[in-house]
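> Let me give you the structure first, and then I'll get to my questions.
The values are calculated or read from the model by the stated rules, or taken from the named source; none is laboratory data. All values derive from a computational prediction rather than experimental measurement. Cβ atoms come from the backbone with ideal geometry, glycine included; neighbour counts cover every protein chain shown. Protein only, heavy atoms only, side chains kept; ligands, DNA and RNA dropped before computing areas. Shrake-Rupley method; radii C 1.70, N 1.55, O 1.52, S 1.80 Å.
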Amino acid sequence: MITESKLKIYQERIIFNRKPITAQLSITRKCNLKCSYCFHRNGIKDNDYMAYILFDLVLKRLIKLQVRGLVFSGQGEPGLNPDFYKIIGRLHNEKINYGINSNLVKYIEPRGASWLKINIDSVDKKQYKTIKGADYFDKVVFNLKKLIKANLKTKIVLQCLAQYPGMASEFYDYFKKYDIDCISIRPIDSVTNHYKKNELQEIKKELKKLADLEDRKLNVSFKWNYLFNKYEQCYANWTTIAIRHDGTVSYCCSMWEKVVGSIFDIDILNKKEKMDFNKIKKNCPSPCRLSGLNDYIKNYRIIDDAEFC
């Protein structure tokens with residue numbers, strides 16, 4: 001994930017070449033859950049995945065594009081790709097920076113990963129089944145304990161998408177005793193506003209109390225500040241490139257079905273840039289992973305124009 005502080009390292013990309021800094025890879029379309037908030041919850045039933053032979057070609061292309069890090073996320077659960085360990089083994093051996101978003105229903109040990117973000121969202125079996133669509137809470141907690149015992153150098157992040165008042169506090173209180181690196185509390189990404197006004201007010205009060213604990217393990221996502229932000233264009237779209245299981249490229253990691261071309265197209269970055277945002281912005285969730293960067297780059301460009309016109 002790119003933060004504003006990290007983006008400052010790549011000032012030359014903002015001003016000059018606009019090459020992607022990270023790549024989001026959806027290496028499988030198969031998932032073992034049906035999360036209530038997921039854009040793909042109605043079911044991707046096929047088992048299409050990115051085989052290692054294709055990943056090898058994609059990786060070489062990304063290196064040529066000077067991409068600095070990979071994130072395994074997207075339309076399915078990364079660990080369900082049959083070539084998962086071969087893929088991450090390649091990255092580990094070549095010391096390429098990568099992170100993984102996972103539900104940990106299937107146990108994985110991502111040696112060499114910078115971070116592993118585990119989406120749990122629950123503190124008991126009933127809550128988990130309601131949100132996730134399957135009864136795997138005990139299994140996920142068992143896998144989490146096993147992962148902690150493995151003593152990897154990978155940063156372990158537990159994530160909760162707080163859907164209603166009290167949920168964030170419950171999640172923090174339940175998992176704070178675990179030997180993990182971070183507990184992340186973030187909002188639901190939604191094309192239509194997920195939260196009612198009174199509920200959101202209660203949640204924000206709750207988040208303020210949690211922040212006041214000054215627990216370094218706790219992270220209240222910046223996304224809570226961008227729930228209602230809309231943009232006339234996506235200023236930060238160039239910072240990341242979203243690649244599907246078949247090597248095709250999506251407009252962004254929130255619109256996996258909006259294909260703009262292939263990673264092997266010579267002009268793929270131009271194709272992304274020329275996409276008419278007005279035709280697709282109605283499908284943009286708010287907030288999204290690029291919300292903070294959109295503000296940063298938009299303001300940066302205004303200053304840049306003033307100084308260099």
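> Within the chain, which DSSP H helices have Cα atoms that stretch 27 Å or more along the helix axis and a mean Kyte-Doolittle hydropathy of at least 1.6?
Numbers: long enough: none.
Membrane-span-like by this criterion, though nothing is claimed about a membrane: none.
> Moving to a separate point now. According to the square roots a ≥ b ≥ c of the eigenvalues of the Cα gyration tensor, what is the shape class of segment 37-178, taking rounded for a/c under 1.5, prolate for a/b larger than b/c otherwise, and oblate for the remainder? Each step should come with its number before you reach the end.
Details: a/c = 2.08, a/b = 1.59, b/c = 1.31.
Prolate is the answer for segment 37-178, as a/c is 1.5 or above and a/b outweighs b/c.
> In whole percent, and with a 1.4 Å probe on the protein chains, what portion of the accessible area of segment 179-309 is carbon and sulfur? Kindly include the intermediate steps, with their values, before the conclusion.
Values: 3470 of 7150 Å².
Roughly 49 percent of what the probe reaches on segment 179-309 is carbon or sulfur.
> Shape of the chain from its Cα gyration tensor (a ≥ b ≥ c, root eigenvalues): rounded if a/c is under 1.5, otherwise prolate when a/b > b/c, or oblate? Could you put the intermediate results ahead of the total?
Values: a/c = 1.56, a/b = 1.17, b/c = 1.33.
Cα axes put the chain in the oblate bin.
> Taking only protein heavy atoms and a 1.4 Å probe, what accessible area per residue, in Å², does the chain have with all protein chains in place? Intermediate results must be reported in sequence, preceding the final value.
Values: 15570 Å² over 309 residues.
Using a 1.4 Å probe on heavy atoms only, each residue of the chain averages 50 Å².
> If you count, for each residue, the other Cβ atoms within 10 Å and average over each peptide, how do 200-213, 23-36 line up from highest to lowest? Working shown, then result.
On the way: 200-213: 14.2, 23-36: 21.2.
Order by mean packing, descending: 23-36, 200-213.
> Here is a further query. My understanding is that a pair violates if its Cα-Cα distance is over 31 Å; which of K30/K146; K139/K282; K155/K196; K126/K209 do that in this structure?
Working: K30/K146 24 Å; K139/K282 38 Å; K155/K196 34 Å; K126/K209 26 Å.
Checking Cα-Cα distances, K139/K282; K155/K196 exceed 31 Å.
> Could you derive backbone 3J(HN,Hα) for segment 111-117 from the dihedral phi with the Karplus parameters 6.51, -1.76 and 1.60 (θ = phi - 60°), listing whole Hz in sequence and x where the residue is Gly or Pro?
Values, residue by residue: 4, x, 6, 5, 8, 10, 9 Hz.
> Per-residue accessible area for Y107 at 1.4 Å probe radius, Å² rounded to 10?
40 Å²
> Considering only DSSP states other than H, G, I, E and B, which trypsin sites (Lys or Arg not before Pro) in segment 154-197 qualify as loop sites with at most 16 other Cβ atoms within 10 Å?
Details: sites: K155, K176, K177, K196, K197; in loops: K176, K177, K196.
The qualifying sites are K176, K177, K196.
> Shape call for segment 135-264 from the C-alpha gyration tensor, a ≥ b ≥ c root eigenvalues: rounded (a/c under 1.5), prolate (a/b greater than b/c) or oblate?
Details: a/c = 2.16, a/b = 1.25, b/c = 1.73.
Oblate, since a/c reaches 1.5 and b/c is not below a/b.
> Sorted by accessible area with a 1.4 angstrom probe, largest first, how do R186, R68 fall? List each step's numbers first, then the result.
Details: R186 35, R68 130 Å².
Highest to lowest solvent-accessible surface, that is R68, R186.
> Would you pull out the residues with amide H under 5 Å of S286's amide H, same chain only if 5 or more places away, H placed 1.01 Å from N?
Amide H to amide H, under 5 Å and 5 or more residues apart or across chains, S286 pairs with S190, V191.
> Within the accessible area of segment 50-147, what % is carbon and sulfur when the probe is 1.4 Å and the other protein chains stay in place?
Details: 2220 of 4170 Å².
Carbon and sulfur: 53 percent of the exposed surface of segment 50-147.
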